[in-house]
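In what follows, a structure is listed as structure tokens, so that the remarks can point back to it.
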Amino acid sequence: MKRIRFTALTLVILLLLTGISSAQDTWGTVVVATTLEPDTMDAHRTSGGGLLRFIGATLIAKDPQTSAYVPYLAESWSTSEDGLTWEFKLRQGVKFHDGTDFTAQDYVYTFQRWFAEDTASPSAATYSLITSTEAVDDYTLQLNLAAPFYPLLELLTQGFAQPLSQEAVETAGDTYGQQPISVGPFRFVEWVVGDRMVLERNPDYTWAPPFLHEGAPYIDQLVLRFVPDYTTILAGMETGEIDTVLGTNLNGRDVPTAEAAGFNIFTTYGRGMAPYVLMNVSQPPFDDILVRQAFNLAVDKEAIIGFMGGGAIPQHGPISLSVAGYWPGVEDIGYHYDLEQARQLMQDAGYTYNDAGMLEKNGEPLAMKMLIIPDTAPFGQILQAMYTELGVSLELEQSDLGVLFGRVVTGDYQIGVGFYDFPEADVMYTFYHSSGIGGFNISQVNDPTLDAILDRTRNEIDGDARQQAVNEAQQYIVEQAFVVPLITLEEYLPVSSRVQGAVISQDATLWLNDATIVEN
Amino acid sequence: MPDTINEIHPNKPTQVPQRTRMLRRFVRHRGGMVGLLLFGGLLVIAIFAQQIAPYDPLALDYHSTLQPPSPAHWFGTDDLGRDILSRAIWGARESLRVALLASAIGIIGGLVFGLISGYLGGWADVLIQRIVEIMLAFPTILLVLSIVAALGPNLTTILIAAGISTIPIYIRMIRSTVLVEREKEYILASVALGAGQFGIMARHILPNVLSTAIIYTTLGLGGIILATSGLSYVGLGAQPPTPEWGAMLTEGQRLFRNAWWPAFFPGLFIFLAVVGVNLLGDGLRDLFDPNMNV
């Protein structure tokens, strides 16, 4: 099997001629494994939307090849001069899985439920600039915004933003998350918690986004297997029980094993940064820009990549090159490894080196605990060694993700190893705008200058002006050293060679509508 | 008149001190000796880790990640380029320190409460035994997890948790030995002579249950080594980058499909330590068990 590498603008679609010719006579089941079982399949209540796109559909989709926004549930859309009103013309003849017709009213209900207080949706805040929705007629939906909101289209392609059927939600009540109903290519069949979720092809899905064939998927069944242990997934791939893996990155070292087991490996760069160093800038020592800059300069990113045996690229800004809106200028103004300068900055900040070569201030050693989770433990140990070189006495504190998240959200930490996954530069607003303190602004940044720039990244409707604001935000965050960017990992998405026609976008979104099974 | 005695008992061997006789019997006990060598060897390694380990167990080196065993790195290196032999040697210090201290907590607690419960009897016995029953009713792992949850995951917590969780077992064992001992005539004689209760416990009963205590501690040590490694393995004990066998095993498991050595060697050390103490414990039991006297 040849390893296929994605570059920024290329996409490989495995729609081979054999795939098309055998499409009609080979039905079957595709098994997708993941370590991350969803908390619920209720699109409004879940914290992760990765699997929602199989059962649902969104107003617009993103072309896997060009990344352009293309029609999906909406056939066309337009915006008003002031950018405050968006109108979507909806596709006709779409049916929910329970047989009812899909209309603009359903989307009005969906948004009302999403933003309702007692829904307590973790994703609602991201879409909070949408103030109201109206059904102009059965097939015309209008979204009203509080302010121009540039990332709207991107956010409307996310699995969270799928329509729900009011009847289905109200009939199911609290159990809706265990028996979701939407309009997508696959219908929900059953969910055995801790083991698997079974979906079947939706014969009423007679449509599709333009980059896929129009009509229902070719395969009969899609089985999502929840396997908490990564090595078990690998074993499953080798025995042929697993066709592809989602939400869990294949380790670069295991790529040859997967290829030997008959998998095609699609390589993309992660849509975010993993890992990076996050600092609580509201407290000493990280309230001092000199210390933050020193912590940036003391990290040898090439060495980190060396430890991983490659499979990553260094990052210099708050968003990585795989995130839409990336400004390459950060590579010039970013911090490059320079231990001597880092040591000098620490001394400028009022620290002195004692006889053991460690930093102290007023006789107190500079000591701190770095929060890690098991997945980031290897990086934590590398960073510990690098910061020890700087003269910081740094201990690692390992916990699970839930504990770590609780601590960073409340600012109950000094330094930690973080990671994120988001496709658009709007993530800077989420992470660094002061309105996010107590939420995703885990670095506790409260800077009016930055707030003003970030507000512009949301409110500029002109593409160039918006990009200008996004660039300024990246520049300012780098200058203020609010984050220690590290690396972006290559991600490996394995797809068994028995599955032909899987479409994978450059942000590693997997579409199985065109997939067929080819028994070897 | 020593000559006369020899004439009366012509077959009696030359008097050898009891201690020497026991030592000889232990040396002839093959399992016990193997255990002593294994465990003693690991103890020596643990004590002289600084001198023996060829590399710094924490030194990272990205030029030599995941090297297979070679003359430069006998046990190979892990994914961060650290020498596994050095880490296993330092790991002996961490693992054995925790195991020995945890056993000490267990046996000291067991001796104190076992003596009181067994010798004093009455309400003290009833109270202690009910508490012991409550503790035994808890699955050990649940007890340890609650202690770790309360105190936070690190080796000291594990040490305390593993120690406390073995106390009730030791109390039961010590108490039963004390019950036998207390009925013997020399105790009766001491009571008749007017010795105080605590004096009798400390001066007469304690020395006689001590051998039992040592044997059970040694036999229990293997279990404690496994338990502490197991807790570190699931992330509740040693925190990275501490070289502890259980924690090393977890790190190695992640790499097992590409490299067997990061998981194999800490596993081997755990195996050798547990086999060593178990054989040693068997040897000691055979030695002190009166039924084995020939």
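The long axis of helix B:261-288 is offset from the longest Cα principal axis of chain B by roughly 10 degrees. The accessible-area ordering, largest first, of the residues B:M135, A:M279 stands as B:M135, A:M279, per a 1.4 angstrom probe.
Karplus-derived 3J(HN,Hα) values for region A:312-318, using 6.51 cos²θ - 1.76 cosθ + 1.60 with θ = phi - 60°, are 6, 10, x, 10, 10, x, x Hz; glycine and proline are entered as x. Secondary-structure-derived ellipticity at 222 nm for chain A, considering helices only, amounts to -7500 deg cm²/dmol, per-run term -39500 (n - 2.57) for DSSP H runs with n ≥ 4. Relative to the 2.2 N^0.38 Å rule of thumb, region A:367-520 has a C-alpha radius of gyration ratio of 1.33. Here chain B is treated with +1 on each Lys and Arg Cβ and -1 on each Asp and Glu Cβ, and its dipole about the Cα centre works out to around 420 debye. Computed from backbone phi with θ = phi - 60° and the Karplus coefficients 6.51, -1.76 and 1.60, the 3J(HN,Hα) list for region A:198-213 is 10, 10, 10, 5, 9, x, 7, 7, 9, 9, 4, x, x, 8, 10, 5 Hz; x is used for glycine and proline. State the percent of C-alpha pairs, over all pairs in the protein assembly as shown, separated by a distance greater than 54 angstrom. So the portion of pairs separated by more than 54 Å is 27 percent.
Region B:207-266 and region A:217-231 have Cα centres lying 36 Å from one another. Note on region B:207-248: semi-axes of the ellipsoid equivalent to its C-alpha gyration tensor, largest first and rounded to whole Å, are 30, 8, 7. For region A:161-208, the orientation-averaged shadow of the C-alpha convex hull comes to 4.1 nm² (one quarter of the hull surface).
The heavy atoms of B:S229 offer some 10 square angstrom of accessible surface to a 1.4 angstrom probe. Dividing the C-alpha radius of gyration of region A:434-520 by 2.2 N^0.38 Å, with N its residue count, gives 1.69. Dipole size of region A:80-186 about its Cα centre, with +1 on Lys/Arg Cβ and -1 on Asp/Glu Cβ: approximately 300 debye, rounded to the nearest 20. Our note on the geometry: Cα centres of region A:282-337 and region A:90-116, 44 Å apart. Remark: the protein assembly as shown carries a charge dipole of roughly 4420 debye about the Cα centre, counting +1 on each Lys and Arg Cβ and -1 on each Asp and Glu Cβ. Rounded to whole Å, the principal axis extents of the Cα atoms in region B:82-237 read 66, 31, 19, largest first. Name the residue, out of B:N258, B:N208, B:N154, whose mean-square fluctuation peaks in a Gaussian network model built on chain B with Cα pairs under 10 Å. Looking only at B:N258, B:N208, B:N154, the largest GNM fluctuation is found for B:N258.
Axis angle, to the nearest 10 degrees, between helix B:30-47 and the longest C-alpha principal axis of chain B: 50 degrees. Shape descriptor for chain B: Rg over Rh equals 1.09 (Cα atoms; Rh from the Kirkwood inverse mean 1/r). Only one residue of A:Q162, A:P148, A:V198 has its Cα farthest out toward the positive end of the dipole of region A:137-202, where Lys and Arg carry +1 and Asp and Glu -1 on Cβ, and that residue is A:V198. Across all directions, the average flat footprint of the convex hull enclosing the Cα atoms of region B:36-168 is 11.0 nm². Sequence-ordered 3J(HN,Hα) estimates for region A:114-130 from the Karplus curve with 6.51, -1.76 and 1.60 and θ = phi - 60° stand at 4, 8, 5, 4, 6, 6, 6, 7, x, 8, 4, 4, 4, 9, 5, 6, 7 Hz, glycine and proline given as x.
When chain A is described by a simple charge dipole with +1 on each Lys and Arg Cβ and -1 on each Asp and Glu Cβ, the residue from A:G416, A:T34, A:G93 located farthest towards its positive end is A:T34.
Rounded to the nearest 10 degrees, the inclination of helix A:339-348 to the longest alpha-carbon principal axis of chain A is 70 degrees.
Taking the charge dipole of chain A about its Cα centre, with +1 at Lys and Arg Cβ atoms and -1 at Asp and Glu Cβ atoms, the residue from A:S443, A:P228, A:T257 reaching farthest to the positive side is A:T257.
Please report how far the C-alpha centroid of region A:413-439 lies from that of region A:179-213, rounded to the nearest whole angstrom. So the separation of the two Cα centres works out to 32 Å.
The values are calculated or read from the model by the stated rules, or taken from the named source; none is laboratory data. None of these values were measured; they are calculated from a predicted model. No Cβ is skipped: glycine too gets one built from the backbone with ideal geometry, and neighbour counts run over all protein chains shown. The accessibility values were calculated without ligands, DNA or RNA, using every heavy atom of the protein model including side chains. Shrake-Rupley method; radii C 1.70, N 1.55, O 1.52, S 1.80 Å.
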